[in-house]
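In what follows, a structure is listed as structure tokens, so that the remarks can point back to it.
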Amino acid sequence: MTSLTPKDKDTVRSFWAKVSGKAGDIGMDALARMLIVYPQTKTYFSHWKDLSPGSAPVKKHGITVMNGVGFAVEKIDDLKAGLLSLSELHAFTLRVDPANFKILSHNILVVLATMFPKEFTPQVHVSMDKFLAALALALAEKYR
């Protein structure tokens, strides 16, 4: 994996500042897409009565996910240490397969590109892709 350069970090911070006001919508759409396109991910949410796009649980967890992304933006200089408690939660309590972090990251990128076509430049795409890959890797840290 390519590490985040100072320019990547600045690009991520700047882009996040522009889009974070829509974090709930981004998270809801990305999670809904993941559940539809990758139905195997539904197993982690079998306790939800409604997994359809726009449902209350999808909305709520979408917000939770994007709050985590926002937290990761704050911890961008040391994601591994900054996300240690989230890594432990997902590894030991929730027992989420770490491959799903990459799947959700991809869906977040798709939503960002569709919701913010002007702002989602090739440079932003590269930097956000690298950031989300680094975030997924940091979340998977406790699986090793």
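Checking each residue in segment 69-91 for being in contact with a helix residue (DSSP H, G or I) (Cβ under 6 Å, 6 or more places away or on another chain) and without any contact (Cβ under 8 Å) to a residue 24 or more places away in the chain picks out only 75.
Yes or no, residue by residue, for (1) closer than 22 Å to residue 137 by Cα; (2) modelled with pLDDT under 95; (3) within 11 Å of the chain's Cα centre (by Cα):
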{"site": "26", "(1), (2), (3)": "yes, no, yes"}
{"site": "39", "(1), (2), (3)": "no, yes, no"}
{"site": "50", "(1), (2), (3)": "no, yes, no"}
{"site": "58", "(1), (2), (3)": "no, no, no"}
{"site": "61", "(1), (2), (3)": "yes, yes, no"}
{"site": "66", "(1), (2), (3)": "yes, no, yes"}
{"site": "78", "(1), (2), (3)": "yes, yes, no"}
{"site": "109", "(1), (2), (3)": "yes, no, yes"}
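Within the set 67, 107, the sole residue that is crowded, with 21+ Cβ neighbours inside 10 Å and either of a type outside the set (Gly, Ala, Ser) or in contact with a strand residue (DSSP E or B) (Cβ under 7 Å, 6 or more places away or on another chain) (or both) turns out to be 107. Would you mind stating whether residue 121 is of a type in the set (Val, Ile, Thr), exposed (fewer than 12 other Cβ atoms within 10 Å of the Cβ) and farther than 19 Å from residue 63 by Cβ? Spelling it out, it is not the case that residue 121 is of a type in the set (Val, Ile, Thr), exposed (fewer than 12 other Cβ atoms within 10 Å of the Cβ) and farther than 19 Å from residue 63 by Cβ.
In segment 46-64, the residue that is nearest to residue 13 (Cα to Cα) out of those that are without any contact (Cβ under 8 Å) to a residue 24 or more places away in the chain, surrounded by 15 or more Cβ atoms within 10 Å (Cβ to Cβ) and hydrophobic (A, V, I, L, M, F, W, C) is 51.
The values are calculated or read from the model by the stated rules, or taken from the named source; none is laboratory data. This is a predicted model, so every value here is computed, not measured. We place every Cβ from the backbone using ideal geometry, glycine too, and count neighbours over all the protein chains shown.
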